[in-house]
Amino acid sequence: MMLLILTVPAQAFTPPIFEGDPAAQAAVEVALKAAFAATESQGHWPAGPWQVLVHAEAAAFERATGAPPGRSAQWVGDRLHLRPWDQLRRRDVGAILRHELTHRRLAQAGLRRWKEEARCLWAETHHRPPQPLPPSPAATLQNHLDRALAGGTTREQAWAYRWLRAWLRGEPLPEAPSARKAAPDVWTKEAAPLEDPVTVVWPPERLRGTLSVNGQRLSHHVGKSWRFQGRVRFNDGFPIGPLRGRVRVRAAAKGWQVTWTTPRTAWIAAAVEGELGAEAPFEARRALAALLGRWREGHEHQHPGGTLCPLTHCAVVRGSASADTVRAVSQSPPLDLDARWAFFTGSAGGRALSPGQVWGLGPVEAGAAAEVPDDRWSRWERRLSAAQVAALKRDVRPGLAPGQRGLRLGDSGPYAVEALRLAAGRRFGWTTWPSNACEGEVQADGSLRLHGCGWGHNVGLCLATARFRAAEGATAEQILAEAFPVSWRAQ
């Protein structure tokens with residue numbers, strides 16, 4: 001008797017249609033290919049095209065997916081949305097992609113939500129499905145898990161994931177949280193005044209969809225408002241994490257407007273965490289905390305009513321900060337710096353510029369910024385079409401202030417590089433012209449070839465350098481001294 005053993009050939013990896021940040025494409029495709037191979041045993045990969053979109057900004061990812069700040073990736077139809085590569089690469093990218101590709105492999109398997117999520121959690125660290133799966137819980141508990149994963153409160157979702165991990169490992173299962181809804185705290189007129197308050201306003205066009213606060217579903221009737229005080233929690237999928245302080249929610253025509261009033265130190269901590277992340281080295285957080293205090297003094301008057309936005313125009317805020325970041329703020333060093341020049345930038349790409357070079361006023365001496373290994377913004381290249389160049393010529397007036405960096409566009413100009421960068425960002429997207437430390441040449445066909453370093457305006461504290469130097473053992477005091485020359489000090 002002859003025994004024939006047939007093996008099913010492995011499915012070939014079909015690269016996705018890549019969208020978004022072009023600088024991340026090569027690294028993401030390598031990670032996707034590895035995750036595809038590692039999840040082959042989890043299920044059949046469906047036929048047909050699929051897309052991967054790497055967002056340039058976290059807010060854009062959260063708007064597109066409705067995902068909470070802690071989530072790194074999410075499917076919407078056949079498109080996998082990913083957070084900005086700068087954030088993603090600091091996490092376990094392999095585990096994230098194995099989890100998400102397993103979701104797609106199991107999409108047609110007919111599993112209940114909780115069981116599919118358990119399989120995806122297992123796939124993060126195992127190449128083969130669990131054999132056998134532990135016994136399923138009672139139907140009522142399965143229903144509770146499904147509800148929590150589909151749209152439960154933050155507390156319920158956290159319980160559901162703890163339960164699934166414990167179930168997979170054969171560990172004691174955590175009890176479900178109480179079904180009693182938390183009563184919302186109400187901001188009354190008798191509330192005690194806050195010390196040195198800061199007010200942050202989220203624009204309604206960035207906050208769409210359903211909204212619950214402390215378990216209370218709010219009805220979207222334009223003009224209606226609610227006020228809360230204390231610890232304020234939003235529903236899962238809302239782009240803002242928990243806030244502590246006073247919160248006003250107003251239903252506006254384009255979405256929800258959220259206004260947060262909190263002590264100055266709490267805002268600094270939230271902004272430090274929003275810009276650097278909770279996992280950033282402690283000394284980097286101390287350095288940015290010191291700078292943000294000076295930044296507020298120098299720039300708050302530029303905003304209507306003294307309110308700040310939670311975006312890169314001011315400082316990114318996604319929710320109240322962790323206790324460790326609050327501690328970093330309390331231990332931030334004094335900073336002798338003219339508040340007008342208290343700036344920070346995502347990455348200088350190893351090439352810092354001075355306020356005088358960028359805006360044509362202020363100190364002309366630039367600070368120092370290290371070339372950070374693996375910094376995606378250390379070198380970049382872009383090409384703008386002739387039509388885009390023509391649009392920029394219409395948007396930006398030629399002319400430079402003394403000492404300001406400029407660029408000629410063919411026979412016209414020079415134009416301030418900062419003005420061109422901002423105009424390109426508003427019209428074509430913020431990754432079109434990443435930074436001010438750049439050179440450009442107009443080509444024979446009228447297009448513009450750009451090459452440069454950094455992400456942002458290149459002035460002041462480089463956040464990539466702050467992380468890098470802190471990881472090397474530098475203190476916040478050393479990081480700030482390198483970033484801000486003596487000529488930038490208060491007179």
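The values are calculated or read from the model by the stated rules, or taken from the named source; none is laboratory data. On a predicted model such as this, the values are computed, not experimentally measured, just so you know. Note that each Cβ is placed from the backbone with ideal geometry, even for glycine, and that neighbours are counted across all protein chains shown. Note: areas computed on protein heavy atoms with side chains; ligands, DNA, RNA excluded. Shrake-Rupley method; radii C 1.70, N 1.55, O 1.52, S 1.80 Å.
Some notes on this structure:
- Residue 271 meets each of the listed conditions (1) in contact with a Leu (Cβ under 6 Å, 6 or more places away or on another chain); (2) assigned to a loop (DSSP other than H, G, I, E, B) apart from (2).
- Residues in segment 398-419 that are without any contact (Cβ under 8 Å) to a residue 40 or more places away in the chain and hydrophobic (A, V, I, L, M, F, W, C) were compared, and the one that is most open to solvent (accessible area, probe 1.4 Å) is 419.
- Subset of segment 438-454 [touching a helix residue (DSSP H, G or I) at 6+ places or on another chain (Cβ under 8 Å) and on the phi < 0 side of the Ramachandran plot]: 438, 442, 445, 447, 448
- Take the conditions (1) without any contact (Cβ under 8 Å) to a residue 60 or more places away in the chain; (2) open to solvent by 30 Å² or more (accessible area, probe 1.4 Å); (3) polar (S, T, N, Q); residue 432 misses just one of them, which is (2).
- Residue 148 vs. criteria closer than 25 Å to residue 242 by Cα, open to solvent by less than 40 Å² (accessible area, probe 1.4 Å) and either in contact (Cβ under 8 Å) with a residue 24 or more places away in the chain or not charged (D, E, K, R) (or both): yes
- Matching residues in segment 468-479 - criterion: being assigned to a helix (DSSP H, G or I) and surrounded by fewer than 24 Cβ atoms within 10 Å (Cβ to Cβ): 468, 470, 471, 472, 477, 478
- Hey, residue 261 assigned to a strand (DSSP E or B), over 21 Å from the mean Cα position of the chain (by Cα) and of a type in the set (Ser, Thr, Tyr) or not: yes
- Look at segment 338-361: where a residue is within 18 Å of residue 407 (Cα to Cα) and a partner is among the β-branched types (Val, Ile, Thr) and open to solvent by less than 10 Å² (accessible area, probe 1.4 Å), sitting 6+ places away or on another chain with Cβ atoms under 6 Å, you get 353/459; 355/459; 358/459.
- Within segment 19-76, being part of a strand (DSSP E or B) and on the phi > 0 side of the Ramachandran plot holds for one residue alone: 20.
- Residue within segment 310-321 that is farther than 17 Å from residue 245 by Cβ, at pLDDT below 90, among the polar types (S, T, N, Q) and open to solvent by 20 Å² or more (accessible area, probe 1.4 Å) present: yes
- In segment 51-70 there is at least one residue matching the filter, namely being open to solvent by 60 Å² or more (accessible area, probe 1.4 Å) and closer than 24 Å to residue 144 by Cα.
- Residues satisfying the stated conditions in segment 291-302, i.e. modelled with pLDDT under 90 and open to solvent by 20 Å² or more (accessible area, probe 1.4 Å): 296, 297, 300, 301, 302
- Scanning segment 378-397 for residues that are small (Gly, Ala, Ser), free of Cβ contacts under 8 Å to residues at least 40 places away in the same chain and open to solvent by 10 Å² or more (accessible area, probe 1.4 Å) returns a single hit, 387.
- Residue 394 being of a type in the set (D, E, K, R) and in contact with a Ser or Thr (Cβ under 8 Å, 6 or more places away or on another chain): no
- Condition met for residue 332 (free of Cβ contacts under 8 Å to residues at least 40 places away in the same chain, hydroxyl-bearing (Ser, Thr, Tyr) and open to solvent by 30 Å² or more (accessible area, probe 1.4 Å)): no
- Residue in segment 211-220 that is at negative phi, of a type in the set (Lys, Arg) and not in a loop (DSSP other than H, G, I, E, B) present: yes
- Single residue of segment 81-98 satisfying the filter (touching a residue at least 60 places away in the same chain (Cβ under 8 Å) and in a loop (DSSP other than H, G, I, E, B)) that is farthest from residue 19 (Cα to Cα): 90
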